[in-house]
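Just so it is clear, none of the values below were taken in a lab; they were calculated from the coordinates. Since we're looking at a predicted model, the values are computed, not measured. Cβ sites come from the backbone with ideal geometry, for glycine too, and all protein chains shown count toward neighbours.
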Amino acid sequence: MNLLQIEGLSRQVTPERWLFRGLNVTVSPGEQLALCGASGVGKSSLLNLMAGLDQPDEGRVLFKGEDIAEMNDAKKLALRRTAFGFVFQAFHLMPHLNALQNVMVPCLLMGLPVSQAQARGRDLLQALGMIDMAEAFPAVLSGGEQQRVALARALVHHPEIVLADEPTGNLDPETANQALNLLCSTCREQGAALLMVTHSAEAAARLDRTFVLTH
Ligand SMILES: Nc1ncnc2c1ncn2[C@@H]1O[C@H](COP(=O)(O)OP(=O)(O)OP(=O)(O)O)[C@@H](O)[C@H]1O
Ligand SMILES: [Mg+2]
């Protein structure tokens with residue numbers, strides 16, 4: 001069965017403007033998919049729809065065959081907390097929590113013991129070259145440092161699918177390469193699917209398949 005299935009999906013942003021109409025995409029369990037397309041074409045909007053963070057104007061998003069829009073709020077919330085890992089384009093770290101605490105949040109929401117959440121969080125921060133910043137708050141972190149914390153937070157609870165919106169866009173080439181290696185290898189090890197927005201042809205070529213969104 002498909003993990004995620006997009007059927008005839010449309011998003012209208014103004015009465016005259018549709019971002020996309022009748023879009024069909026499927027993501028199999030463990031599949032790694034690059035989402036490409038020009039700035040403003042609707043990639044972030046599509047990711048929000050895929051995670052049930054926004055309502056489609058037409059069509060459906062099915063998670064393991066079930067329409068996300070038809071789930072009640074509790075089920076949708078539980079799905080988002082357990083099955084999805086999200087790297088937002090604008091990071092969305094919690095300002096009152098330090099780096100490690102931000103990474104631990106998904107585990108704590110799932111009810112994992114603090115010690116386990118801390119251990120997993122520290123391992124990921126270590127792998128991303130961020131362990132020395134574990135106690136630092138987002139306000140004192142650079143864009144690239146915040147991005148790596150956001151990446152760790154998307155992986156820490158072993159989701160079934162990671163939706164990553166330009167997850168290495170703020171990193172220098174070497175750090176970006178390390179972060180991309182970690183993202184791909186962690187998803188493979190955990191059997192998680194990955195849908196990654198990227199403007200890099202090189203990064204896209206490392207994944208299983210590329211989906212291009214056009215006007
Ligand atoms: N609620 C909304 N109302 C009006 N316009 C919107 C709304 N949401 C998104 N848009 C518009 O839809 C377009 C697509 O936005 P989106 O953020 O999805 O693009 P993107 O492909 O992720 O671009 P980028 O590569 O720059 O991140 C933009 O022009 C944006 O202004
Ligand atoms: Mg975007």
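In this entry, R81 is excluded by the filter for residues that are among the basic types (K, R), more than 21 Å from T168 (Cα to Cα), touching a strand residue (DSSP E or B) at 6+ places or on another chain (Cβ under 7 Å) and more than 16 Å from ligand 2 (Cβ to nearest atom). Listed conditions (1) buried (at least 18 other Cβ atoms within 10 Å of the Cβ); (2) of a type in the set (A, V, I, L, M); (3) in contact with a His (Cβ under 7 Å, 6 or more places away or on another chain) are all met by M110, apart from (1). The residue of region 1-40 that is farthest from E166 (Cα to Cα), among those that are assigned to a loop (DSSP other than H, G, I, E, B) and of a type in the set (A, V, I, L, M), is M1.
For V61, the test of being farther than 24 Å from R206 by Cβ and away from ligand 2 (no atom under 16 Å from the Cβ) is passed.
Looking only at region 20-37, decide whether some residue is of a type in the set (G, A, S) and without any contact (Cβ under 8 Å) to a residue 40 or more places away in the chain. There is at least one residue in region 20-37 that is of a type in the set (G, A, S) and without any contact (Cβ under 8 Å) to a residue 40 or more places away in the chain.
Between G65, G22, G42, G37, which is touching a Gly at 6+ places or on another chain (Cβ under 9 Å) and at positive phi? Full working, then the answer.
Details: G65 fails: touching a Gly at 6+ places or on another chain (Cβ under 9 Å); G42 fails: touching a Gly at 6+ places or on another chain (Cβ under 9 Å); G37 fails: touching a Gly at 6+ places or on another chain (Cβ under 9 Å).
Exactly one residue qualifies, and that residue is G22.
Tell me, which residue of region 41-55 that is away from ligand 2 (no atom under 11 Å from the Cβ) and part of a loop (DSSP other than H, G, I, E, B) is surrounded by the most Cβ atoms within 10 Å (Cβ to Cβ)? Once the filter is applied, the top-ranked residue is A51.
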